[in-house]
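K.L.:
My questions will all concern the structure given below.
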Amino acid sequence: MGAKTPSSGRFVSERRSHKIHVSELQIGMWICKLDRDWLETPFLLQGFMVESMADIEVVAEHCQYVWVDAVEEHWVGNQRLQSASPAANKKNIFVNQVGFSEETNHVLGVYREARRITKSLLDEARLTSVINTRQAKETVNECVNSVLRNSDALMWLSKIRSQDEYTSEHCLNVCILAIAFGRQLGYTEEELHDIGICGLLHDVGKMRVPPEVLNKPGKLTPQEFKQIQRHTVYGRNLLMSAGSGAAQAVDVAWAHHERLDGSGYPRGLKDSNISRYARIIAIVDAFDAMTADRCYGRAMTSTEALKNIYRARGTQFDGELAEQFLKTIGLYPPGSLVELVNGEVGLVFETNQRYRQLPKIVLLRDANKAPINEKVLDLALVEQGKLSRDYLIRTVHPDGSFGVSVRAYQQQGLMFRHR
């Protein structure tokens with residue numbers, strides 16, 4: 001089953017309430033009900049959005065369980081729009097097939113080869129205006145296989161950055177994140193390949209933008225900004241000339257900078273005129289760009305980037321997809337540099353599917369920010385009462401803080417042993 005088109009049906013959304021333990025709360029969730037009367041709590045509104053870890057901690061002080069609103073969606077073909085069968089509600093649910101460490105051992109070489117191929121693809125597009133779609137599909141296939149085996153390993157490696165190779169690494173990272181997002185959305189394996197190709201090739205048009213404009217560290221002139229904007233049209237034209245296998249990628253390359261409110265470019269499309277894949281890549285593209293060091297600015301933390309996406313939902317980004325993306329990335333995605341309540345500093349390397357705010361980390365600095373012997377710690381032990389609440393995460397810091405380089409640990413392979 002390939003990606004759906006507007007002519008074959010549409011996605012139908014349903015909002016339902018689910019009871020969860022407060023330990024499962026995440027930023028971006030809407031709390032609609034508590035396990036006690038609202039008047040017994042300090043909350044002024046009967047229903048509110050969780051916007052920070054501080055909100056979660058306040059809720060946890062007063063409640064054990066809460067009810068949150070969740071939007072569930074399913075695809076319904078035109079012939080079943082009036083009376084969708086129960087089967088139409090089914091989504092693909094994937095579980096990790098192997099552990100993080102096992103997949104990291106396997107995928108490190110795959111990622112390095114994918115980086116090499118992606119750079120080669122873009123160099124070839126720049127020099128010859130030809131796109132090797134066969135190589136692109138092979139690269140995406142490896143990424144899909146890895147994300148299906150374990151959703152964290154490749155996301156961890158996608159934190160590897162080189163400012164000199166920004167565009168190629170950005171394209172690969174968007175590919176990886178889009179596949180992980182598609183997995184969260186319940187897409188079929190074939191659809192994961194489709195969205196992966198869209199992510200890998202979404203910025204191919206930048207190969208036709210003059211390098212001195214693309215990599216300019218200062219403010220762009222209006223004319224230079226128009227040159228940057230043309231990469232969407234260049235990408236469309238390059239992919240159309242590539243022939244079969246790139247139909248959806250053509251649309252995404254052309255439309256991933258459109259906005260729901262019509263303020264995007266190049267065509268000023270609005271709302272339903274923007275395809276679902278373009279909406280997905282728009283979110284992933286923005287997140288990866290915001291969390292990368294650029295020639296004109298420093299990277300944001302993942303938390304800051306997610307807040308920006310959340311604030312822009314409904315205007316720049318699809319609201320429901322933005323909320324689902326927050327769930328995909330989580331509070332502390334792999335590669336996040338975090339400071340604990342006790343002042344110690346660690347690096348997140350694996351999320352906890354049940355307790356998303358309690359990942360596995362490797363401790364690297366003591367409370368005085370001095371280097372220590374590396375120690376792996378599962379923060380889920382806090383929930384189990386086996387670790388003090390001093391081991392909860394206080395905040396996220398940018399890569400490079402306290403002398404900790406995420407890239408250095410990735411290049412070492414992060415072969416940490418559990419202790």
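The values are calculated or read from the model by the stated rules, or taken from the named source; none is laboratory data. Quick caveat: nothing in here was measured; it's all calculated off a predicted structure. No Cβ is skipped: glycine too gets one built from the backbone with ideal geometry, and neighbour counts run over all protein chains shown. Accessible surface areas use protein heavy atoms only, side chains included; no ligands, DNA or RNA. Shrake-Rupley method; radii C 1.70, N 1.55, O 1.52, S 1.80 Å.
K.L.:
If you roll a 1.4 Å probe over the heavy atoms of the protein chains, what accessible area per residue do you get for region 162-241, in Å²?
P.N.:
39
K.L.:
Per-residue accessible area for residue 300 at 1.4 Å probe radius, Å² rounded to 10?
P.N.:
Number for this one is 70 Å².
K.L.:
Below 14 angstrom from the Cβ of residue 369, what's the summed charge of the other residues (Lys, Arg +1; Asp, Glu -1)?
P.N.:
Values: positive: 365, 394; negative: 339, 344, 366.
That works out to -1.
K.L.:
Probe radius 1.4 Å, ligands and nucleic acids ignored: give me the carbon and sulfur share of the accessible area of region 259-320 as a rounded percent.
P.N.:
Heavy-atom surface of region 259-320 belonging to carbon and sulfur, 1.4 Å probe: 44 percent.
K.L.:
Taking a 31 Å limit on the Cα-Cα distance, which of the listed pairs 159/206; 216/327; 226/327; 119/226; 307/369 fall beyond it? Don't skip to the answer; put the middle values down first.
P.N.:
Details: 159/206 21 Å; 216/327 34 Å; 226/327 34 Å; 119/226 25 Å; 307/369 27 Å.
216/327; 226/327, as the Cα separations exceed 31 Å there.
K.L.:
Along the principal axes of its C-alpha atoms, what lengths does region 288-385 span, in descending order and rounded to whole Å?
P.N.:
45, 37, 18
K.L.:
What list of ³J(HN,Hα) values in whole Hz, one per residue of region 385-399 in order, does the Karplus curve 6.51 cos²θ - 1.76 cosθ + 1.60 (θ = phi - 60°) give from phi, with Gly and Pro shown as x?
P.N.:
With coefficients 6.51, -1.76 and 1.60, one gets x, 9, 9, 5, 5, 5, 8, 6, 7, 8, 7, 10, 10, x, 3 Hz.
K.L.:
Assuming a viscosity of 1.002 mPa s and a temperature of 20 °C, what translational diffusion coefficient in µm² per second does Stokes-Einstein assign to region 145-267, Rh being the Kirkwood radius over Cα pairs?
P.N.:
Stokes-Einstein gives a translational diffusion coefficient of 138 µm²/s.
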